[in-house]
Amino acid sequence: MTAADLSLVKTDADALFARKRIFALALPAIVLAYFVYIFFAFDIAGLTKRANWDNAVTLASDSWSYKTHVTRDNRSGEMSYAVEGERKGAYPEGQRPDWVSGDDIITIDLGGDTIVRLLPEQRTEIEIPGFGLIEAQAEDRTITTNLPEDAPDWINASNRRVAITTPEGRVTITGSKTEVFNYFPGWELFWFTFDSPYHGHGLFEILLGDRIDPTRPNVAGAVSDWWNNAMWRHKDVAWAIGETILMAFLGTMGAAIIALPLAFLAAKRFAPVMIVRAATRRLFDFVRGVDALIWTVVLARAFGPGPLTGTLAILITDTGTFGKIFSEALENVDQKQIEGVASTGAKPLQRYRFGVIPQIVPILLAQILYFLESNTRSATIIGAITGGGIGLMLTQAIQTQKDWEEVAYYIVLIVAMVMAMDSFSGWLRGKLIGRKD
């Protein structure tokens, strides 16, 4: 190598080193600029100011606890007691929680020495340790209290409404009613509502004890009352889960059935006419280029809400995806196997059946089972739009902003459903393809 060649190599090396150094110095600046852009584009500072962490904590606690409402109608003086304030969770006539006592003066022990007294003439007294006695009087729509003007943050008071939040519970006073909320951990009435004779009885007593309901055996009666629980709606939830799985199954399998013959038209080895291949591939691009949620909205206008709309949305989107995957698999089949089948005198359809399909079956099954698992999750969201499946029940529970323990229940079931589908698809894939994940 001459001196000129060595000089040229050195120059190139120096230039390459210089470019790498410039890139190394510029990269942090580019990343920093990108994060600065994100900070202003997404208004991070504004989001932080608008965030209400107290509401977030309340919602989180509501997911694993329940509240019992003690309500006095300030017009009629009638008392009511209900879990989550629902009629389906109302205490039977003559019954009330054991932390409520008294007749003329209703005394509510919230725990932690916090006491609420509902007095005659729409008066209310609230004893809070470390703060003192709060007195309130409801007259028509006006609330009169002894609260100071500089009340603490956990008290929100006006002449129309008073709301007091303590670690033990909450009290809300308006002209129409006085309501006390007492929180407890767990999902109350998950098994049996108050109207069931099995409420308050343990599992051992139901299985081995004397007959509780004279008209029914214990096990059959308990299962029936749990299945028809009006508050938690276990029967409706089970039906919704089945509807979600059915949407995913029909949409995935229907897409695979439609995509397989179309994939032959998109593969160059089986469709030599370029116009046919191009048209088929553009069709695949179109149907999979539009997200399933968009197809859901479009189809809902055509067919109305329901599981069929969600099934068709999944089918249309996955037809494009399967078509692309299957056509690529067809491009890579072994020609020798096809020629071997052809040497037996097989016709074109027989060549495809015995020379092509067996080669791509593992790919087909693997992709179909994967998409079946994935579409189980997608069907949850699609069901919320089309009015079917567990997604609809989840959306309704969120919109009420009331029963967040039901939201947690549905989320647990959705996660369990996805895990079950994952295990099932992995097991089935191992059985059909001859291997396990």
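The values are calculated or read from the model by the stated rules, or taken from the named source; none is laboratory data. Because the structure is predicted, anything quoted here is derived from the model rather than measured. So basically every Cβ, Gly included, is an ideal-geometry build from the backbone, and we count neighbours across all protein chains shown. For the accessible areas, the whole protein counts, side chains as well, though only heavy atoms, and no ligand, DNA or RNA atoms are used. Shrake-Rupley method; radii C 1.70, N 1.55, O 1.52, S 1.80 Å.
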- Query: Can you pull out the residues in the range 160-178 that are assigned to a strand (DSSP E or B), open to solvent by 50 Å² or more (accessible area, probe 1.4 Å) and under 17 Å from residue 75 (Cα atoms)?
  - Reply: 161, 177
- Message: On the basis of being of a type outside the set (D, E, K, R), crowded, with 17+ Cβ neighbours inside 10 Å and touching a Leu at 6+ places or on another chain (Cβ under 6 Å), does residue 267 make the cut?
- Response: yes
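So, in the range 270-282, exactly how many residues are without any contact (Cβ under 8 Å) to a residue 40 or more places away in the chain and either surrounded by 15 or more Cβ atoms within 10 Å (Cβ to Cβ) or in contact with a Pro (Cβ under 6 Å, 6 or more places away or on another chain) (or both)?
Taking the range 270-282 and keeping what is without any contact (Cβ under 8 Å) to a residue 40 or more places away in the chain, we get 271-279, 282.
Narrowing further to those that are either surrounded by 15 or more Cβ atoms within 10 Å (Cβ to Cβ) or in contact with a Pro (Cβ under 6 Å, 6 or more places away or on another chain) (or both): 271, 277.
Residues flagged as without any contact (Cβ under 8 Å) to a residue 40 or more places away in the chain and either surrounded by 15 or more Cβ atoms within 10 Å (Cβ to Cβ) or in contact with a Pro (Cβ under 6 Å, 6 or more places away or on another chain) (or both) within the range 270-282 amount to 2.
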- residue 186 being closer than 22 Å to residue 110 by Cα, touching a helix residue (DSSP H, G or I) at 6+ places or on another chain (Cβ under 9 Å) and open to solvent by less than 50 Å² (accessible area, probe 1.4 Å): yes
- Message: If I go through the range 347-390 residue by residue, how many of them are basic (Lys, Arg) and either open to solvent by less than 60 Å² (accessible area, probe 1.4 Å) or modelled with pLDDT of 75 or more (or both)?
- Response: 1
- Pick from the range 74-89 the residues that are outside any loop (DSSP other than H, G, I, E, B) and open to solvent by less than 40 Å² (accessible area, probe 1.4 Å): which of them is farthest from residue 182 (Cα to Cα)? 89
- What are the residue pairs meeting all of these: first residue in the range 355-377, first residue part of a helix (DSSP H, G or I), second residue open to solvent by less than 40 Å² (accessible area, probe 1.4 Å) and among the basic types (Lys, Arg), Cβ atoms under 8 Å, and 6 or more apart or on different chains? 365/429; 366/429; 369/429
- Evaluate the following for residue 315: is it in contact (Cβ under 8 Å) with a residue 12 or more places away in the chain, open to solvent by 20 Å² or more (accessible area, probe 1.4 Å), part of a helix (DSSP H, G or I) and among the hydrophobic types (A, V, I, L, M, F, W, C)? yes
- Got a number for residues in the range 125-158 being open to solvent by 80 Å² or more (accessible area, probe 1.4 Å) and over 20 Å from residue 110 (Cβ atoms)? 5
- Message: For a quick check of your reading of the model, give me the residue pairs whose first member lies in the range 218-237 and is touching a residue at least 60 places away in the same chain (Cβ under 8 Å) and open to solvent by 20 Å² or more (accessible area, probe 1.4 Å), whose second is hydroxyl-bearing (Ser, Thr, Tyr) and not in a helix (DSSP H, G or I), with beta-carbon atoms closer than 7 Å and at least 6 apart or on different chains.
- Response: 230/193
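Looking at 266, 256, 248, 222, can you tell me which residue is at pLDDT 90 or above, farther than 25 Å from residue 388 by Cβ and in contact with a helix residue (DSSP H, G or I) (Cβ under 6 Å, 6 or more places away or on another chain)? It would help to see each step written out before you state the result.
Working: 266 fails: at pLDDT 90 or above; 256 fails: farther than 25 Å from residue 388 by Cβ; 248 fails: farther than 25 Å from residue 388 by Cβ.
Exactly one residue qualifies, and that residue is 222.
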